[in-house]
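Step one of this worksheet: look at the structure below.
The values are calculated or read from the model by the stated rules, or taken from the named source; none is laboratory data. Bear in mind that the values here come from a model prediction, so they are computed numbers and not experimental data. All Cβ positions, even for glycine, are placed from backbone atoms using ideal geometry, and neighbour counts span all protein chains on display.
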Amino acid sequence: MDSVAVRAPATSANLGPGFDIFGVALSEPFDVVKVRRVGGVGLKITVRGRFSRGISNMPEENTAGLAAKTLLKELNIQEGVEVEVEKGIKPGMGLGSSAASAVATIFALNLLFNLNLTKEDIIRFSAQGERASAGAPHADNVSASLLGGFVLVKPNTYEAISIEPPPNLVLCVAMPEVEPPPKKTGVARSILPRYVNLGKVVQNTSMACWMVASLMKGDVMGFGRAMQDIIVEPRRAKMIPGYSEVKRLALEAGAAGVVISGAGPTMLAVVDKSTSKPEAVAEAMRRGFESAGLASHCFVTKPGRGASPI
């Protein structure tokens with residue numbers, strides 16, 4: 001085998017109270033990574049596609065490159081490798097763009113060199129790539145992109161569990177047409193509180209538990225109503241023009257819950273399609289951003305599969 005191509009989906013992390021713990025894979029958009037053996041030694045990164053502008057081809061500055069470099073060094077693979085990333089997920093929007101590139105790369109290297117990596121290994125190497133965009137490894141987005149569905153990540157480990165959401169759970173995604181600042185995820189983390197009131201921790205923990213229990217019962221409305229974060233989201237909401245109107249209008253249109261997707265500025269709504277119209281919710285979110293003078297790309301999708309070879 002001389003080359004492998006892998007597709008990895010966009011993701012949404014946190015989902016309200018599950019900061020750095022919860023994530024969900026989306027059916028669309030996705031990145032495609034092709035990895036091939038080349039002569040000599042060393043690592044070459046090439047980034048192409050609609051959303052490639054501004055992404056570095058230097059392995060140390062590229063999420064896919066940093067993940068690949070970590071794996072090749074740790075496993076002492078002395079071969080030349082070329083990684084070609086086709087960017088279908090816009091970076092800096094809170095949809096796990098960097099995570100998808102890293103996951104697809106590690107998944108492909110695992111197949112190319114027949115490494116027999118465990119899922120924890122793939123998550124660990126992929127999370128190292130997040131240092132290029134966030135400044136530190138974190139596993140929520142990469143776990144969701146690898147495993148698909150709704151995921152829970154155990155803190156300070158690379159263990160993750162995937163749960164298949166009920167078929168009536170639909171996601172509405174609203175992406176405002178703004179240019180995110182460089183290393184936006186790192187910026188969004190820098191504004192978070194260092195110390196948190198115990199009562200707020202209890203509230204968030206309760207909501208997170210309620211979300212998982214509701215998902216296991218197939219209760220989409222219960223899941224959405226528990227998507228309430230009183231620790232992280234209030235800080236990040238100030239970075240998103242139109243946040244309050246997007247949330248208010250989406251809930252009025254029938255959304256079960258509305259949150260910032262990852263570090264934003266994209267916002268995500270959960271809808272029970274058996275009782276509400278997802279298209280109406282997506283349109284309401286568009287009007288919410290419009291009220292702040294922002295155009296947006298809003299679409300309806302659903303929880304998706306994890307990374308897979310193509």
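Table: residues versus (1) over 14 Å from THR46 (Cα atoms); (2) assigned to a helix (DSSP H, G or I); (3) modelled with pLDDT of 95 or more.
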site: GLN78; (1), (2), (3): yes, no, no
site: GLU82; (1), (2), (3): no, no, yes
site: GLY92; (1), (2), (3): yes, no, no
site: LEU95; (1), (2), (3): yes, no, yes
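Within segment 1-28, the set of residues being buried (at least 19 other Cβ atoms within 10 Å of the Cβ) and among the aliphatic types (A, V, I, L, M) comprises VAL4, VAL6, ALA8, ALA10, ALA13, LEU15, ILE21, VAL24, ALA25, LEU26. Going residue by residue through segment 140-150, is there one that turns out to be acidic (Asp, Glu) and in contact with a strand residue (DSSP E or B) (Cβ under 7 Å, 6 or more places away or on another chain)? Yes, segment 140-150 contains at least one residue that is acidic (Asp, Glu) and in contact with a strand residue (DSSP E or B) (Cβ under 7 Å, 6 or more places away or on another chain). Selection within segment 176-192: residues that are closer than 21 Å to GLY16 by Cβ and among the basic types (Lys, Arg). The member of this set that is surrounded by the fewest Cβ atoms within 10 Å (Cβ to Cβ) is ARG189. Here LEU198 does not fit the description of being in the same structural domain as SER291 (by TED's automatic domain parsing) and either under 20 Å from the mean Cα position of the chain (by Cα) or closer than 24 Å to SER97 by Cα (or both).
A quick yes/no check of all residues on (1) buried (at least 20 other Cβ atoms within 10 Å of the Cβ); (2) at pLDDT 95 or above; (3) more than 16 Å from the chain's Cα centre (by Cα):
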{"site": "VAL103", "(1), (2), (3)": "yes, yes, no"}
{"site": "LEU111", "(1), (2), (3)": "no, yes, yes"}
{"site": "ASN114", "(1), (2), (3)": "no, yes, yes"}
{"site": "ARG131", "(1), (2), (3)": "no, no, no"}
{"site": "ALA136", "(1), (2), (3)": "no, no, no"}
{"site": "VAL142", "(1), (2), (3)": "yes, yes, no"}
{"site": "PRO155", "(1), (2), (3)": "no, no, yes"}
{"site": "ILE161", "(1), (2), (3)": "no, yes, no"}
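Scanning segment 206-223 for residues that are among the basic types (Lys, Arg) and either within 22 Å of MET285 (Cα to Cα) or at pLDDT below 95 (or both) turns up nothing. Within segment 193-228, restricting attention to residues that are touching a helix residue (DSSP H, G or I) at 6+ places or on another chain (Cβ under 6 Å) and not polar (S, T, N, Q), the residue that is surrounded by the fewest Cβ atoms within 10 Å (Cβ to Cβ) is GLY222. Taken together, the residues in segment 166-187 that are under 20 Å from ALA269 (Cβ atoms) and in contact with a helix residue (DSSP H, G or I) (Cβ under 7 Å, 6 or more places away or on another chain) amount to 7.
No other residue among ASN197, ASN204 is farther than 26 Å from ILE123 by Cβ and out of contact with any strand residue (DSSP E or B) (no Cβ under 6 Å at 6 or more places or on another chain) apart from ASN197.
The condition of being free of Cβ contacts under 8 Å to residues at least 60 places away in the same chain and not assigned by TED's automatic domain parsing to the domain that holds ALA99 holds for only one of LEU251, LEU215, LEU268, that being LEU251.
Is it true that some residue in segment 1-20 is hydroxyl-bearing (Ser, Thr, Tyr) and more than 24 Å from ALA174 (Cβ to Cβ)? So far as segment 1-20 goes, yes, one or more of its residues are hydroxyl-bearing (Ser, Thr, Tyr) and more than 24 Å from ALA174 (Cβ to Cβ). Would you say LYS200 is among the basic types (Lys, Arg) and free of Cβ contacts under 8 Å to residues at least 40 places away in the same chain? Yes; evaluated as a whole, the condition is true for this residue.
Residue-level check: of (1) over 30 Å from VAL173 (Cα atoms); (2) at pLDDT below 95; (3) aromatic (Phe, Trp, Tyr), PHE51 misses just (1). Filtered by the rule that a residue be more than 11 Å from GLU86 (Cα to Cα) and over 18 Å from the mean Cα position of the chain (by Cα), segment 46-64 gives ARG53, GLY54, SER56, ASN57, MET58, PRO59, GLU60, GLU61.
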